[in-house]
Amino acid sequence: MVLMSEPAKRPGRPRALVVDDAPDVTEMLAMFLEHAGYETVMAFSAVEALEVAQQDKFEIIVSDIGMPGINGYDLTVALSALPEYTDVPMIAVTGFSMYDDRGRALQSGFNAHLTKPISPMTLLDLIKKLREG
């Protein structure tokens, strides 16, 4: 598991960017993905996530929506505008569960919307499905 400022690549492992302003949630998701075989990089804000995504390439992005400053919706719009991220699956993992939150997430560019608390196996199955096409 790598903090945003410590990029370290290991050949052969898919790379995941995990974004959440709550460090415990970020670390939990990153540890789960590490255990499942992903190399993870953590960012604790959308600004950090955008910076690291522009410096590096990830095969999956898992992001919170409700973050201070730039939210997850805006992050996804910004990432989707980058040519190297047009086909990268992005998953919203959020506490936002109101009527229109799922639709807004999908409209902004997320490929899926999971409401916290999430099942780690549900997340892993969803990532596998999205990465396979």
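The values are calculated or read from the model by the stated rules, or taken from the named source; none is laboratory data. Nothing here was measured: the structure is a model prediction, and the numbers come from that model. Neighbour counts run over all protein chains shown; Cβ positions are idealised from the backbone, glycine included.
Within the group L50, L17, which residue is in a helix (DSSP H, G or I) and either modelled with pLDDT of 95 or more or surrounded by fewer than 18 Cβ atoms within 10 Å (Cβ to Cβ) (or both)?
Details: L17 fails: in a helix (DSSP H, G or I).
Matching residue, one of L50, L17: L50.
Output the qualifying pairs, or none if there are none: Cβ atoms under 6 angstrom, residues six or more apart or on different chains, first residue in segment 110-133 and outside any helix (DSSP H, G or I), second residue modelled with pLDDT of 95 or more and polar (S, T, N, Q).
Filtered contacts from segment 110-133: F110/T76.
Can you pull out the residues in segment 86-109 that are within 15 Å of the chain's Cα centre (by Cα), without any contact (Cβ under 8 Å) to a residue 40 or more places away in the chain and either within 19 Å of L29 (Cβ to Cβ) or not in a helix (DSSP H, G or I) (or both)? Quick ask: steps written out before the conclusion?
Taking segment 86-109 and keeping what is within 15 Å of the chain's Cα centre (by Cα), we get 86-95, 105-106, 108-109.
Still in the running and without any contact (Cβ under 8 Å) to a residue 40 or more places away in the chain: 86-88, 90-92, 94-95, 106, 108-109.
Correct list: T86, D87, V88, M90, I91, A92, T94, G95, G109.
If you go through segment 58-85, how many residues are free of Cβ contacts under 8 Å to residues at least 60 places away in the same chain and in a loop (DSSP other than H, G, I, E, B)?
Step one: filter segment 58-85 for residues free of Cβ contacts under 8 Å to residues at least 60 places away in the same chain, giving 58, 61, 63-85.
Subset that is in a loop (DSSP other than H, G, I, E, B): 58, 64-71, 81-82.
Within segment 58-85, residues that are free of Cβ contacts under 8 Å to residues at least 60 places away in the same chain and in a loop (DSSP other than H, G, I, E, B) number 11.
Mind listing whichever residues of segment 53-72 are surrounded by fewer than 22 Cβ atoms within 10 Å (Cβ to Cβ) and closer than 14 Å to R104 by Cβ?
Hits for segment 53-72 are G66, N71.
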